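Colleague: Got a structure for you, questions after.
The values are calculated or read from the model by the stated rules, or taken from the named source; none is laboratory data. These numbers were taken from a predicted model, which means no experiment stands behind them. Here Cβ is always computed from backbone atoms with ideal geometry, including for glycine, and neighbour counts include all displayed protein chains. The protein model used for the area step is the full one, side chains on, heavy atoms only, and it has no ligands, DNA or RNA in it. Shrake-Rupley method; radii C 1.70, N 1.55, O 1.52, S 1.80 Å.
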Amino acid sequence: MPTPFKIIADIYEKLEKVSGRIEMRSLLTALFSKIPEDDIYEAVHLTLGQLGPDFMGLEFGVAEKLTLRAISLATGIDERTLMSKLIESGDIGKVAEWALSKKKQMALFVEELTVDNVYKNFKKMTELSGQGAMELRVKLLAELFQKASPKEGKYIARIATGTMRLGVAEATVLEAIAASIGALHKKDLIEKKYNIYPDLGEIARILKREGVAGVEKIRITLGVPVRPMLGERAKDPREIIERHGVSLVEYKYDGLRMQIHIKKDGFIRIFSRSLEDLTSQFPDVVKFVRESFRGEEAIVEGETVAIDPDTLEFRPFQEVAHRRGRKYDIQEAIEKYPVATYLFDCIYANGEDLTDKKLLDRRKVLESLFDWNASDRIFISEAKLIDNVKDLEEFFLKAIEDGCEGVMAKDPESPYKAGVREWLWIKYKRDYKSELTDTLDLVAVGAFAGKGKRAGTYGALLMATFNPEENTFETVCKLGTGFDDRTLQKLPEIFRPYLRQGKHPLVKSNIEADYWFDPVVVLEVQGAEITLSPVHTCARDRVKPGYGLAIRFPRFTGRWRRDKKPEDATTSDEVLEMYKKQLRKVGE
Ligand code: ATP
């Protein structure tokens, strides 16, 4: 027996009037108990205002105007009247209810609307594309309104326009499903399975069909995203060491989390942190993952960050954010905002679920799955086993200086706990953000050989501030961004007159450059902020023993300050002042 849509609409109406989780759960439990296994998938998803889990990408949502047209077709009431009603109430559901109540006076509806009818018509609407698709969608929607009672019409209009908003949380739906088959005591198990197979409709169908035993059989499945493991936040590095003893501390890349499902035959799916399918938005990631994958099949996780394609240095988060949510101009965006992916975990490999394995073992598997030399866009995350606060602070500052957001400290023995936020992973981020408004004039004291596209020229310059007290040049950043192609090619020629054997005696550097220059040429540089650095010598020991200052995200503005002598460059003291000002600004 097909389930009448009326059963659902009645419960929706009641749900609208309650707000407590317990009440909601008991209403939903009553609803799901009444629905047979053949309709439960559809009923669960319609209740959540969707046709399937997010990862299926069943794009939905009909414009209000088209919904009004469908109501008009079904009721004979003209669109203008309906529009004025909509302006009056602001609720398309109410407009549909009103219009259908008028119709009721004219004729009795013939056929009863079923859950299956509603779901199928909506599904067909998502499948239509191309010419005439819009009209067909309106027709399919109008068919539903023709059969609907006023109350049913109200919810159909809301589902159609993506404005269901019953306020039921997924967790409540999950509990109601469990309760509807008398398995609330097995909630934890069901939730665990939901975390590796996040489709409530499917879980409900399996529960109805096979009971808890069926759910127990659910396994990690290639193509179905696993809910991500999450971390708590530490206030200082001490807390991390206290909790973990020894911790695997990784760079915390500032980009988009990606869970990548890969098969040797070329199948790839990329899912976001919220389990949306990102595959079509990142064909470049698909390509480099495919090119370097050496396993049979796997699910790996990583962070995709914006990079400077020539130096592979990180770019700010805003740049990768431009790549998100695009349907058009994808190729253009790939060129404008190139990205690289840093993998940090492996959940499944070659038929084996790795979630119960220790992090260090999962990482070993991850290492073995890729040819890390096949592409310069895919890497394994920078990580170090650390057991003391000092080393942790140093690693953190290096991460910040390299353009990361901070660190992710992970218990090396920990399993992968899908969908869970615990202290097994601890994030420690810098707690301020500031934009440097002033540019700096820095002296080039050395350079690094370029690789890949930059072979034959420099990959980056080593830049320094001037310290007038000691008459030295102190390094403050590597500069590889902001040069146009022509300048880039000409860099060795520009610096040829200043090349020298070994470091200039006035240059203070802890970094070994490939080429050293006489400190003569001054360039204008824009940075994002100043950070403490365990490497650079600018204002060393002035803020903290053993640390200097560095410029984060430095970019050449295009201005060669030929009008400035190296002694006119920004001084280390000025950088120190900027650093203090930045801290004060944050404190405000
Ligand atoms: P959360 O994801 O914990 O809810 P959020 O969305 O605010 O919080 P953050 O607080 O910035 O994100 O930190 C967590 C995110 O950091 C991860 O979801 C992941 O995208 C990112 N990340 C970057 N590098 C790593 C890494 N090495 N290991 C794990 N996550 C990383």
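Colleague: Under a 1.4 Å probe, what is the accessible area of segment 439-587 per residue, stated in Å²?
Modeller: Spelled out: the 1.4 Å probe surface of segment 439-587, per residue, equals 45 Å².
Colleague: Taking amide H positions as placed in the peptide plane 1.01 Å from N, state which residues far from PHE370 in sequence (5 or more) or on other chains have amide H under 5 Å from it.
Modeller: Counting only residues 5 or more places away or on other chains, the set is ARG294.
Colleague: With a cap of 15 neighbouring Cβ atoms within 10 Å, and only residues DSSP puts in a loop, list the GluC sites (Glu not before Pro) found in segment 289-335.
Modeller: Passing both the DSSP loop test and the Cβ count: GLU296.
Colleague: A further question on this structure: Relative to the longest principal Cα axis of the chain, at what angle does helix 79-89 sit, 0 to 90 degrees, rounded to 10?
Modeller: For 79-89 against the chain, the angle is about 70 degrees.
Colleague: Residue-wise, which Karplus ³J(HN,Hα) couplings in Hz belong to segment 443-453, taking 6.51 cos²θ - 1.76 cosθ + 1.60, θ = phi - 60°, and x for glycine or proline?
Modeller: Values per residue, Gly and Pro as x: 9, 7, 10, x, 8, 10, 5, x, 10, x, 4 Hz.
Colleague: Can you list which of the GluC sites (Glu not before Pro) found in segment 50-122 are DSSP loop residues with at most 12 other C-beta atoms within 10 Å?
Modeller: Numbers: sites: GLU59, GLU64, GLU79, GLU88, GLU97, GLU111, GLU112; in loops: GLU59, GLU111, GLU112.
Hits after loop and neighbour filter: GLU59, GLU111.
Colleague: Amide H neighbours of GLU422 under 5 Å, at least 5 residues apart or on other chains, H built in the peptide plane: list them.
Modeller: So GLU422 has HN proximity to LEU230, GLU232.
Colleague: Could you pull out the pairs from LYS123/LYS327; LYS102/LYS154; LYS193/LYS264 whose alpha carbons sit more than 24 Å apart here?
Modeller: From the list (LYS123/LYS327; LYS102/LYS154; LYS193/LYS264), the Cα-Cα distance tops 24 Å for LYS193/LYS264.
Colleague: Here's something else I'd like to know. Using alpha-carbon pairs under 8 Å, 6+ residues apart, how would you state the relative contact order of segment 114-188 in percent?
Modeller: Details: 25 pairs, mean separation 15.3, N = 75.
About 20 percent, as a whole number.
Colleague: Computing the accessible area with a 1.4 Å probe over protein heavy atoms, can you report the carbon and sulfur percentage for the chain?
Modeller: Taking all protein chains in place, the chain shows 48 percent carbon and sulfur surface.
Colleague: Something else now. Please list, in order along segment 41-51, the HN-Hα scalar couplings obtained from phi with the Karplus expression 6.51 cos²θ - 1.76 cosθ + 1.60 (θ = phi - 60°), rounded to whole Hz, x for Gly and Pro.
Modeller: For segment 41-51, the Karplus curve yields 4, 5, 5, 5, 5, 4, 4, 7, x, 9, 9 Hz.
Colleague: Considering only DSSP beta bridges with both partners in the chain, what is the antiparallel share in %, to the nearest 5? List each step's numbers first, then the result.
Modeller: Numbers: 70 of 80 bridges.
DSSP beta bridges in the chain are roughly 90 percent antiparallel.
Colleague: Rounded to the nearest Å, what's the spacing between the alpha carbon centres of segment 404-457 and segment 474-504? Just the number, please.
Modeller: 24
Colleague: List the lysines whose Cα sits under 18 Å from the Cα of LYS263, skipping any in the same chain fewer than 8 residues away.
Modeller: Correct list for LYS263: LYS287.
Colleague: Which residues make up the longest stretch of the chain clear of chymotrypsin sites (Phe, Trp or Tyr not before Pro) that lie in a DSSP loop with no more than 15 other Cβ atoms within 10 Å, not counting the sites?
Modeller: Working: sites that count: PHE109, PHE267, TYR328, TRP372, TYR432.
By the stated rule (loop sites, at most 15 other Cβ atoms within 10 Å), 110-266.
Colleague: Determine which lysines satisfy two conditions relative to LYS544: a Cα distance under 22 Å, and not lying fewer than 8 residues away in the same chain.
Modeller: Result set, ordered by chain and number: LYS235, LYS390, LYS398, LYS429, LYS433, LYS478, LYS508, LYS580, LYS581, LYS585.
Colleague: Can you tell me the orientation of helix 572-587 relative to the chain, as the angle in degrees between its alpha-carbon axis and the longest Cα principal axis, to the nearest 10?
Modeller: The helix 572-587 is inclined about 30 degrees to the chain.
Colleague: Which angle between 0 and 90 degrees, to the nearest 10, do you get for helix 150-160 versus the longest principal axis of the chain when only C-alpha atoms count?
Modeller: Approximately 20 degrees, to the nearest ten.
Colleague: With labels modelled as points extended 7 Å from the Cα through the Cβ direction, what inter-label distance (nm, one decimal) is found for ILE22 paired with LYS581?
Modeller: Between ILE22 and LYS581, the label points sit 5.9 nm apart.
Colleague: Still on this structure, I have one more. Using Cα pairs closer than 8 Å and at least 6 residues apart in sequence, work out the relative contact order for the chain, in percent.
Modeller: On the way: 1151 pairs, mean separation 67.1, N = 588.
About 11 percent, as a whole number.
Colleague: Let me ask another. Roughly how far apart, in whole Å, are the Cα centres of segment 1-24 and segment 157-180?
Modeller: So the two Cα centres are separated by 9 Å.
Colleague: When the Cα centres of segment 513-564 and segment 72-104 are compared, how far apart do they sit, in Å?
Modeller: Spelled out, the Cα-based centre of one part sits 66 Å from the other.
Colleague: If you average the sequence gap of Cα pairs under 8 Å that are 6 or more apart and divide by the length of segment 393-470, what percent do you get for the contact order?
Modeller: Details: 72 pairs, mean separation 15.4, N = 78.
Over segment 393-470, the number comes to 20 percent.
Colleague: From the backbone phi of segment 365-373, what are the Karplus-calculated ³J(HN,Hα) couplings (6.51 cos²θ - 1.76 cosθ + 1.60, θ = phi - 60°) in whole Hz, Gly and Pro given as x?
Modeller: Each residue's phi maps through the Karplus curve to give 4, 4, 4, 7, 8, 10, 8, 6, 9 Hz.
Colleague: Under 13 Å from a label point 7 Å along Cα→Cβ of LYS139: give me every residue in segment 111-127 with its amide N that close.
Modeller: The answer is 125, whose backbone nitrogens lie closer than 13 Å to the label point.
Colleague: While we're on this one: What aspartates and glutamates could a cross-link reach from LYS6, if we take a straight Cα to Cα line under 17 Å and drop same-chain neighbours fewer than 8 places away?
Modeller: GLU16, ASP38, ASP39, GLU42, GLU97, GLU111, GLU112, ASP116, GLU143, GLU152
Colleague: Quick query: amide H of GLY480 versus all other amide H atoms, modeled in the peptide plane; which residues come in under 5 Å with a sequence gap of 5 or more or a different chain?
Modeller: Result for GLY480 returns LEU461.
Colleague: Okay, moving on. Rounded to the nearest 500, what is the 222 nm mean residue ellipticity of the chain from helices alone, with -39500 (n - 2.57) per DSSP H run of 4+ residues and division by all residues?
Modeller: -12500 deg cm²/dmol
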